[in-house]
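Undergrad: So that we are looking at the same thing, I have put the structure below in structure tokens.
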Amino acid sequence: MAYPVNEIFYSLQGEGWFTGSSAVFVRFSGCNMKCSFCDTDHSASTMMEAREIVDKVLGFPARHVILTGGEPAMRVDSLLIDMLHAEGCFIQIETNGSLPVSDEIDWITCSPKGDYPVRLPRVDELKIVFQAQDVEAIASRVPATHLFLQPCSGANIPETVDYILAHPWWRLSLQTHKLIDIP
């Protein structure tokens, strides 16, 4: 099976629980939503076999692999997961949660969009792009261990900070990769 890959690159995780950790990012093309703030060029992709993806991942020193997109749950299957695990990789997925993901994924980051229901029985990290929506209602529907609010494109940092100060069970997630100008 071939997968539409937008890019594979090595950098630091800029958001959420693993901020500052080195990781290999596998960004897939295609999504079932059209968010105005999405940073993926869905028109650009290269079809790659699972072995090609794994070989490219193994060319970098980190074994933390972040499957992102677009919506990686549209693409990722047990073949790719098993091959990455066989090479000792820790697999994180960044998903909008509207589609199921394999229980074999090591860490699930869910960033729900719109009013779509989250279809995940387990979420390690809920990351909401804060736009003054009712984040408590969203969090009540998502079985998450860790809660993060992220300003929308960095435009509403004061409002996000104020919300977290009033609701201390949330943590701030900044897009540090954009702040320090790395991919």
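Undergrad: Rounded, prolate or oblate: which one fits segment 106-148, using the alpha carbon gyration tensor with axes a ≥ b ≥ c (rounded when a/c is under 1.5, else prolate when a/b beats b/c, else oblate)? Walk me through the numbers on the way to the answer.
TA: On the way: a/c = 1.80, a/b = 1.47, b/c = 1.22.
Cα axes put segment 106-148 in the prolate bin.
Undergrad: Eight or more residues apart or on different chains, and alpha-carbon atoms under 23 Å: count the Lys pairs in segment 2-179 matching that. Intermediate values should be presented prior to the final figure.
TA: On the way: Lys34/Lys113; Lys34/Lys127; Lys34/Lys178; Lys113/Lys127; Lys113/Lys178; Lys127/Lys178.
Going through segment 2-179 pair by pair, I get 6.
Undergrad: Placing +1 at every Lys and Arg Cβ and -1 at every Asp and Glu Cβ, with all other atoms neutral, what dipole size does the chain have around its Cα centre, in debye to the nearest 20?
TA: On the way: 13 positive and 23 negative charges, 24 e Å.
So the magnitude is around 120 debye.
Undergrad: Based on the Kirkwood radius over alpha-carbon pairs, what is the Stokes-Einstein translational diffusion coefficient of the chain at 20 °C with 1.002 mPa s viscosity, in µm²/s?
TA: Working: Rh = 16.7 Å.
Approximately 128 µm²/s, per Stokes-Einstein.
Undergrad: Taking the Cβ of His167 as the center, what net charge do the other residues with Cβ under 12 Å away carry, scoring Lys and Arg +1 and Asp and Glu -1?
TA: On the way: positive: Arg171; negative: Asp134, Glu136, Asp162.
Once positives and negatives cancel, what remains is -2.
Undergrad: Check Phe90: other-chain or 5+ apart residues with amide H under 5 Å from its amide H, H built from backbone geometry?
TA: The answer is His64, Val65.
Undergrad: Once you list every other residue whose beta carbon is under 13 Å from the beta carbon of Arg141, what net charge do they have if Lys and Arg are +1 and Asp and Glu are -1?
TA: Details: positive: Arg119; negative: Asp115, Asp134, Glu136.
Taking every Cβ under 13 Å from that of Arg141, the sum is -2.
Undergrad: Once you place label points 7 Å from the Cα toward the Cβ at Glu52 and Leu79, how far apart are they in nm?
TA: 1.3 nm
Undergrad: Obtain the nm distance between the two label points defined at Arg122 and Gln175 by a simple spin-label model: each point lies 7 Å from its Cα along the Cα-to-C-beta direction.
TA: That separation, rounded to one decimal, is 3.0 nm.
Undergrad: Follow-up. Could you point to the residue in Ile105, Ala50, Leu179 farthest towards the positive end of segment 2-179's charge dipole, with +1 and -1 charges on the Cβ of Lys/Arg and Asp/Glu respectively?
TA: Result: Leu179, furthest along the dipole toward the positive end.
Undergrad: Among Met83, Leu120, Val135, whose Cα projects farthest towards the positive end of the dipole of the chain, with charges put on the beta-carbon of Lys, Arg (+1) and Asp, Glu (-1)?
TA: Val135
Each reported figure results from applying straightforward, stated rules to the coordinates on display, with no laboratory input. Everything quoted here is computed from the prediction, not taken from an experiment. Cβ coordinates were reconstructed from backbone atoms using ideal geometry, including for glycine residues, and neighbour counts include every protein chain displayed.
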